[in-house]
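Structure, as structure tokens:
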Amino acid sequence: MSHDWQPLLLTFRLAAITTLILFVIGIPLAYWIAHTRTRLKPVIETLVSMPLVLPPSVLGFYLLLAFSPQNAFGQWLEQWFNIRLVFSFAGLVVGSVIFSLPFMVHPIQSGFQNLPGSLVEASRTLGKSDAYTLFRVLLPNIKPALLSGAVLSFAHTVGEFGVILMIGGNIPGVTKVASIAIYDEVESLNYAAANFYAIVLFAITFAILLTVYVMNKKLLKAG
């Protein structure tokens, strides 16, 4: 019996792109949250953490409304940039970035906060810029946090369902990721195909998480 690998390939493509974007966004955001003294910090932290407690269907619903060409933001994107996020892979990426944001930011923020303040002070005493301090002093000392953030974001994106279904629908080769394929196959009582997708996701995510735990243990010993 042959299996359709397209949903799985689409899933890992989505997870990889989302993780890369979150890495670029998450590092400066986590650094800012860890060091800022603004009164808005609790508000920003709350907004970042909302996907942890908000039902995916709620987030997906509001993203669907925002991205829809019938509403102002979606209409603006389509008219000025020819971008349609509803029922598209680009929409899945944007939704996944928002939904997985805390899984990248929280570990890195914790890593920054656990570093001794003397590292920053010593770097500034030597006349180094904030950018140099961040990339050459701080980041090399929080490798376990960076690895954890990347792996958690990747794994969380792989397991998405509610947000994906709401803004992406079920378009083969475009938005039909593995979690949607599993749901479809169960609806069709095709348990063998559902089991195939489920076991591949289980095996790969287990291997990824096991690898990160082993690597983190080695990095902590090396540090």
When restricted to Val174, Val214, Val186, the only residue of a type in the set (A, V, I, L, M) and either touching a strand residue (DSSP E or B) at 6+ places or on another chain (Cβ under 8 Å) or outside any helix (DSSP H, G or I) (or both) is Val174
Among helices (runs of 4 or more DSSP H) entirely inside segment 4-93, those with 1 or more residues being among the β-branched types (Val, Ile, Thr), in contact with a Phe, Trp or Tyr (Cβ under 8 Å, 6 or more places away or on another chain) and closer than 26 Å to Pro172 by Cα are 6-35
Residue count, segment 189-199, condition under 13 Å from Val158 (Cα atoms) and either touching a Phe, Trp or Tyr at 6+ places or on another chain (Cβ under 9 Å) or outside any helix (DSSP H, G or I) (or both), comes to 0
Per the filter on segment 150-181, residues closer than 23 Å to Ile208 by Cβ, open to solvent by 30 Å² or more (accessible area, probe 1.4 Å) and touching a residue at least 60 places away in the same chain (Cβ under 8 Å) are Phe154, Phe161, Lys176
Of (1) in a helix (DSSP H, G or I); (2) over 30 Å from Leu115 (Cβ atoms); (3) of a type outside the set (Phe, Trp, Tyr); (4) open to solvent by less than 20 Å² (accessible area, probe 1.4 Å), Leu138 fails just (2)
Over segment 145-171, the set of residues more than 16 Å from Tyr62 (Cα to Cα), of a type in the set (A, V, I, L, M, F, W, C) and not in a helix (DSSP H, G or I) is Ile171
In the set Leu29, Leu14, the lone residue that is open to solvent by less than 80 Å² (accessible area, probe 1.4 Å), under 23 Å from Ala198 (Cβ atoms) and under 15 Å from the mean Cα position of the chain (by Cα) is Leu14
Requested in this report: Scan segment 117-126 and give yes if some residue there is surrounded by 15 or more Cβ atoms within 10 Å (Cβ to Cβ) and more than 16 Å from Thr18 (Cβ to Cβ), otherwise no.
Outcome: yes
Within segment 191-209, residues open to solvent by 90 Å² or more (accessible area, probe 1.4 Å) and within 19 Å of the chain's Cα centre (by Cα) come out as Phe202, Phe206
Residue pairs within 8 Å by beta carbon, gap of at least six or interchain, first lying in segment 121-149 and farther than 26 Å from Leu209 by Cα and touching a residue at least 24 places away in the same chain (Cβ under 8 Å), second open to solvent by less than 90 Å² (accessible area, probe 1.4 Å) and hydroxyl-bearing (Ser, Thr, Tyr), listed first then second, are Leu134/Tyr31
For segment 58-74, indicate whether the set of residues that are surrounded by 15 or more Cβ atoms within 10 Å (Cβ to Cβ), under 12 Å from the mean Cα position of the chain (by Cα) and not hydroxyl-bearing (Ser, Thr, Tyr) is non-empty. no
*asked:* Going by what's in this entry, would Gln109 be described as without any contact (Cβ under 8 Å) to a residue 12 or more places away in the chain and not β-branched (Val, Ile, Thr)?
replied: no
Out of (1) at pLDDT below 90; (2) open to solvent by 50 Å² or more (accessible area, probe 1.4 Å); (3) part of a helix (DSSP H, G or I); (4) not polar (S, T, N, Q), the one Ile98 does not meet is (1)
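The values are calculated or read from the model by the stated rules, or taken from the named source; none is laboratory data. What you see is a predicted model, and the numbers here were worked out from it, not measured in a lab. Note that we place each Cβ from the backbone using ideal geometry, even for glycine, and neighbour counts take in every protein chain shown. With ligands, DNA and RNA removed, areas are computed over all heavy atoms of the protein, side chains included. Shrake-Rupley method; radii C 1.70, N 1.55, O 1.52, S 1.80 Å.
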